[in-house]
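J.: I am attaching a structure below and will ask some questions about it afterwards.
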Amino acid sequence: MGNRLSKIYTRTGDAGQTGLADGRRVPKDHPRIEAMGEIDTLNSQLGLLLAELAEAQAQWPKLAELIEVLGPCQHRLFDLGGELAMPDYQALNDAEVARLEAAIDHWNVELGPLEDFIMPGGSRLIALAHVCRSMARTSERRCQQLNAEEPLRPVGLAYLNRLSDLFFVVARLIARRQGCAEILWHAANAPADA
């Protein structure tokens, strides 16, 4: 996929445009570049979550299973960024969406039904998983905005949607495996202990 970089700066973007792999020059705020940027931000945040999970698994060994599922997601997000940068390039496939769905279904058995809205917190790891969830939603919105102008392959949109669902389940699973109570939402007019 593409050439290796031998030089980090090119000065070609100094005037506010960047190049796509198909040779087009587009403004840096073009919907395609916005989508690529959001996916890159999500991938970076996922890297932080994975690093924190790796450190925490010494204390909570059952977190290793999450690393096994989430680790490949970094590569698939990079693939999706590649598809956006090179519109003719196709890397993601439906098997990746199915892999996420299988993990969600498997972990939901352990978690049981959700009866209340939960807040993004309780521990640093839980909060990091929720940050990833919200960034996945932002990435999905940016890709949908691009899709309205330049149709994208449905598998990429489905992958981001499922990934945000996976991060929600991961946040709940971290709470369970850390023995940390989930923070439940309380309506503004309800007593805190209701």
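J.: Given +1 on the Cβ of Lys and Arg, -1 on the Cβ of Asp and Glu, and no further charges, what dipole in debye does the range 57-133 carry about its Cα centre, rounded to the nearest 20? Each step should come with its number before you reach the end.
T.: On the way: 5 positive and 12 negative charges, 80 e Å.
Charge dipole, the range 57-133, about its Cα centre: 380 debye, nearest 20.
J.: Something else about it: Once a ≥ b ≥ c are taken as the square roots of the eigenvalues of the Cα gyration tensor of the range 106-194, is the result rounded (a/c under 1.5), prolate (a/b larger than b/c) or oblate (a/b not larger than b/c)?
T.: Note, shape of the range 106-194 comes out prolate.
J.: As a test of the definition: which semi-axes, in Å, follow for the chain when you take the square root of five times each eigenvalue of its alpha carbon gyration tensor? Largest first, please.
T.: Details: eigenvalues 233, 67, 54 Å².
Working through the eigenvalues yields semi-axes of 34, 18, 16 Å.
J.: Can you work out the PRE-style zone for Gln90? Point 7 Å along Cα to Cβ, and I want the residues of the range 164-181 with backbone N under 17 Å.
T.: Those under the cut-off are none; the list is empty.
J.: Now for a separate question. How many Å² of accessible area per residue for the range 27-71, probe 1.4 Å?
T.: 48 Å²
J.: Let me ask another. Any chance you could give the angle, 0 to 90 degrees and rounded to 10, that helix 124-149 forms with the longest Cα principal axis of the chain?
T.: 40 degrees
J.: Gaussian network model of the chain, Cα springs within a sub-10 Å range: biggest mean-square fluctuation belongs to which of Leu146, Leu20, Leu42?
T.: Looking only at Leu146, Leu20, Leu42, the largest GNM fluctuation is found for Leu20.
J.: I would also like to ask the following. If you count only protein heavy atoms and use a 1.4 Å probe, how large is the accessible surface of Arg177, to the nearest 10 Å²?
T.: Only protein atoms counted, so the area is about 40 Å².
J.: Of all accessible surface on the range 49-194 at a 1.4 Å probe, what whole percent is carbon and sulfur?
T.: On the way: 4080 of 7510 Å².
C and S atoms contribute 54 percent here.
J.: At 0.36 nm per residue, and after removing the present C-alpha to C-alpha distance, how many nm does the segment from Thr41 to Ala54 gain when stretched out fully?
T.: Length difference between fully extended and current span is 2.7 nm.
J.: If you don't mind, another one. Taking amide H positions as placed 1.01 Å from N in the peptide plane, with prolines and chain starts having none, which residues 5 or more places from Thr18, or on another chain, fall under 5 Å of its amide H?
T.: Val26, Lys28
J.: Here is a follow-up. Within the range 49-136, which chymotrypsin sites (Phe, Trp or Tyr not before Pro) sit in a loop by DSSP and count at most 11 neighbouring Cβ atoms inside 10 Å?
T.: Counting only loop positions with at most 11 other Cβ atoms within 10 Å, the chymotrypsin sites (Phe, Trp or Tyr not before Pro) in the range 49-136 are Phe117.
J.: Something else now. For the range 91-194, what is the accessible area per residue in Å², given a 1.4 Å probe and the full set of protein chains?
T.: That works out to 51 Å² for each residue.
J.: Report, in degrees rounded to the nearest 10, the 0 to 90 angle that the Cα long axis of helix 94-111 makes with the longest principal axis of the chain.
T.: With rounding to tens, the tilt is 10 degrees.
The values are calculated or read from the model by the stated rules, or taken from the named source; none is laboratory data. Quantities reported herein were computed from a predicted structural model and do not represent experimental measurements. Because the Cβ atoms are built from the backbone with ideal geometry, glycine has one as well, and the counts that use them run over all protein chains shown. Heavy atoms of the whole protein, side chains included, go into the accessibility calculation; ligands, DNA and RNA do not. Shrake-Rupley method; radii C 1.70, N 1.55, O 1.52, S 1.80 Å.
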